[in-house]
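J.: Right, I'll just put the structure down here and ask away after.
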Amino acid sequence: MTVELTGVGAGLEGYAMLAAQVEALLAGERNLVANAAQLSAFIYQEVPDLNWAGFYFVEGDDQLLLGPFQGKVACMRIPFSKGVCGAAARERRTQRVEDVHAFPGHIACDAASRSELVVPLVQGGRLIGVLDLDSPHPARFSAADQAGIEALVEAFLAATDC
Ligand code: SME
């Protein structure tokens with residue numbers, strides 16, 4: 001299950017193929033942890049130039065708790081008030097950060113990270129958590145990457161009981 005992705009930016013066509021593969025991969029299983037584990041591994045394998053890909057899930061009123069991921073060990077808990085993940089949860093809006101060093105409050109789990117994309121997971125109006133992707137390359141994530149990863153999150157949410 002590999003897709004030819006050229007260079008740093010997978011085009012929208014590449015992501016359309018990835019979305020179809022995610023639907024196939026998650027078909028028949030609706031468990032949150034199992035599907036999140038599969039999606040983090042799938043993204044880490046298929047999207048080039050990442051050093052971390054994984055989930056944080058909402059815990060209580062104002063915290064994120066580490067979920068399934070690929071990459072180096074990471075922060076366990078992130079308050080909504082902190083970091084790129086916290087901003088995505090608070091604002092319920094994707095955060096595409098070209099230079100993490102310029103983002104106030106960025107939490108450096110892996111010192112190699114230079115850019116980051118965090119997509120909130122919202123199902124039935126409820127915030128479930130966030131999907132966080134990190135890259136060692138500055139400005140790794142284009143608008144096309146954002147749209148493509150958001151489409152993968154939509155496929156994941158449609159396939160999963162949260
Ligand atoms: N950099 C994130 C923290 C999570 S790690 O990158 C895995 C942030 O600032 O929210």
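The values are calculated or read from the model by the stated rules, or taken from the named source; none is laboratory data. These figures come from a predicted structure and were not determined experimentally. Here the Cβ positions follow ideal geometry from the backbone for every residue, glycine too, while neighbour counts run over all protein chains shown. Please note that ligands, DNA and RNA were not included when accessible areas were found on the heavy atoms of the full protein model with its side chains. Shrake-Rupley method; radii C 1.70, N 1.55, O 1.52, S 1.80 Å.
J.: Could you state the accessible area per residue of the chain in Å², with a 1.4 Å probe and every protein chain left in place?
T.: Numbers: 7500 Å² over 162 residues.
Value for the chain: 46 Å² per residue.
J.: Could you work out the relative contact order of the chain? I mean the mean sequence separation of Cα pairs under 8 Å and 6+ apart, divided by the number of residues, in percent.
T.: Numbers: 328 pairs, mean separation 43.8, N = 162.
Relative contact order for the chain comes out at 27 percent.
J.: Please list, by residue number, every one of the trypsin sites (Lys or Arg not before Pro) in segment 58-107 that is coil in DSSP and has at most 16 other beta-carbon atoms within 10 Å. Show your work: numbers first, answer last.
T.: Values: sites: Lys72, Arg77, Lys82, Arg90, Arg92, Arg93, Arg96; in loops: Lys72, Lys82, Arg92, Arg93.
Qualifying residues, ordered by number: Lys72, Arg92, Arg93.
J.: So for each of 147-154, 11-18, 132-139 I average, over its residues, the number of other beta carbons within 10 Å; can you give me the resulting order with the highest mean first? If you can, show how the numbers build up before the last one.
T.: Values: 147-154: 18.8, 11-18: 16.9, 132-139: 20.2.
Most protected by this proxy first, the peptides run 132-139, 147-154, 11-18.
J.: Quick check on segment 14-159: take the gyration tensor over C-alpha atoms, sort the square-rooted eigenvalues as a ≥ b ≥ c, and tell me if it's rounded (a/c under 1.5), prolate or oblate. Mind dumping the intermediate values first?
T.: Details: a/c = 1.59, a/b = 1.19, b/c = 1.33.
Verdict is oblate for segment 14-159.
J.: So, one more: So which helices of the chain fit the span-like rule, where a helix is a whole DSSP H run, its Cα atoms reach 20 Å or more along the axis, and its mean Kyte-Doolittle is at least -0.5?
T.: 12-26, 32-46, 143-159
J.: Once neighbouring chains are kept in place and the probe is 1.4 Å, which whole percent of the accessible area of the chain is contributed by carbon and sulfur?
T.: Details: 3960 of 7500 Å².
Of all accessible area on the chain, carbon and sulfur atoms account for 53 percent.
J.: For a quick check: with amide H placed at 1.01 Å from N, whose amide H comes under 5 Å from Leu64's, ignoring anything fewer than 5 positions away on the same chain?
T.: Under 5 Å from the amide H of Leu64 lie the amide H atoms of Glu59, Ile78, Phe80, each far enough along the sequence or on another chain.
J.: Relative to the present Cα-Cα distance, how much length would full extension add between Ala147 and Ala41 at 0.36 nm per residue of separation? Provide the component values of the computation, followed by the final result.
T.: Numbers: separation 106, 0.36 × 106 = 38.16 nm, distance 1.94 nm.
Between Ala147 and Ala41, full extension yields 36.2 nm more.
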